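Here the structure comes first, spelled out in structure tokens, and everything after it is commentary.
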Amino acid sequence: MRHVLSALVMNQPGVLAHISGMLASRAFNIDSLAVGETENPEFSRITFVVAGDDRVLDQARKQLEKIVTVVKVLDVSQEEYVERDLMLIKVKTENGTRSDVKELTEIFRGSIVGVGPDHVMIEISGQEKKLVAFVEVMRPYGIIELVRTGRIALTRGADSAVGE
């Protein structure tokens, strides 16, 4: 089972290395990772996706919470939440395909953020399945390059998922 974990941590050097090392030492592969400062600059939020059964993941969460620089860890996937990935993708637009690529980008609610003589760069965000579907639609045109962020997620509701 895939789990989306959100950790509120002290915003200081070495925290990410400590957390990823602890997960690696317990044989967890991090499928997705995103780190950023929170509304309070003293803290960062680390959002990562890992696979494992509930019992093993609960043990890893408890180990994470023992790290001094970790304030709190929450398995967001156990709550109602919103998640997003961001992708930039360069697609060939040779032989009059630019309008087709533009139309498909609009259908997927993406934006063209760069234009070259024979390609466009597209920004698209959403759930992982949307980004995967968009990549598959763009393959026939010729993908030059793509890059994706790690997943970010917040629980629905007014309270902070990993409150201070």
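The values are calculated or read from the model by the stated rules, or taken from the named source; none is laboratory data. What you see is a predicted model; the values in this text were computed from it and never measured. For neighbour counting, all protein chains shown are included, and Cβ atoms are generated from backbone atoms with ideal geometry for every residue, glycine included. Note: areas computed on protein heavy atoms with side chains; ligands, DNA, RNA excluded. Shrake-Rupley method; radii C 1.70, N 1.55, O 1.52, S 1.80 Å.
Please work out which residue is farthest from G142 (Cα to Cα), limiting yourself to the stretch 79-99 and to residues that are open to solvent by less than 70 Å² (accessible area, probe 1.4 Å) and either among the small types (G, A, S) or outside any strand (DSSP E or B) (or both).
In this case the residue turns out to be G96.
Could you run through the stretch 46-78 and say how many residues are open to solvent by less than 40 Å² (accessible area, probe 1.4 Å) and either within 11 Å of S6 (Cβ to Cβ) or in contact with a Leu (Cβ under 9 Å, 6 or more places away or on another chain) (or both)? Steps first, answer last, please.
First, pick out the residues of the stretch 46-78 that are open to solvent by less than 40 Å² (accessible area, probe 1.4 Å): 46-50, 52, 57, 60, 64, 67, 69-70, 73-77.
Next, from what is left, pick out any that are either within 11 Å of S6 (Cβ to Cβ) or in contact with a Leu (Cβ under 9 Å, 6 or more places away or on another chain) (or both): 46-50, 57, 60, 64, 70, 73-77.
Selection size over the stretch 46-78: 14.
Could you tell me which residue of the stretch 18-37 is least open to solvent (accessible area, probe 1.4 Å), considering only residues that are more than 18 Å from the chain's Cα centre (by Cα) and free of Cβ contacts under 8 Å to residues at least 24 places away in the same chain? Walk me through it before giving the result.
First, pick out the residues of the stretch 18-37 that are more than 18 Å from the chain's Cα centre (by Cα): 18, 21-22, 24-27.
Restricting the remaining residues to those that are free of Cβ contacts under 8 Å to residues at least 24 places away in the same chain gives 21, 24-25, 27.
Working: G21: 36, A24: 67, S25: 84, A27: 90 Å².
It comes out as G21.
Considering only residues that are aliphatic (A, V, I, L, M), within 24 Å of S125 (Cβ to Cβ) and part of a strand (DSSP E or B), which ones fall in the stretch 38-78? Before the answer, list the steps.
Taking the stretch 38-78 as the starting set, the residues that turn out to be aliphatic (A, V, I, L, M) are 46, 49-51, 56-57, 60, 64, 67-68, 70-71, 73-74, 76.
From the residues that got through so far, the ones that are within 24 Å of S125 (Cβ to Cβ) too are 46, 49-51, 74, 76.
Residues satisfying the conditions are I46, V49, V50, A51, L74.
Within the stretch 110-132, can you find the residues that are open to solvent by 20 Å² or more (accessible area, probe 1.4 Å), assigned to a helix (DSSP H, G or I) and in contact (Cβ under 8 Å) with a residue 40 or more places away in the chain?
Result: E128, single match.
With respect to the numbered conditions (1) out of contact with any Ser or Thr (no Cβ under 8 Å at 6 or more places or on another chain); (2) open to solvent by less than 20 Å² (accessible area, probe 1.4 Å); (3) closer than 30 Å to A158 by Cβ, which one is the sole condition not fulfilled by N40?
That leaves (2) as the condition not met.
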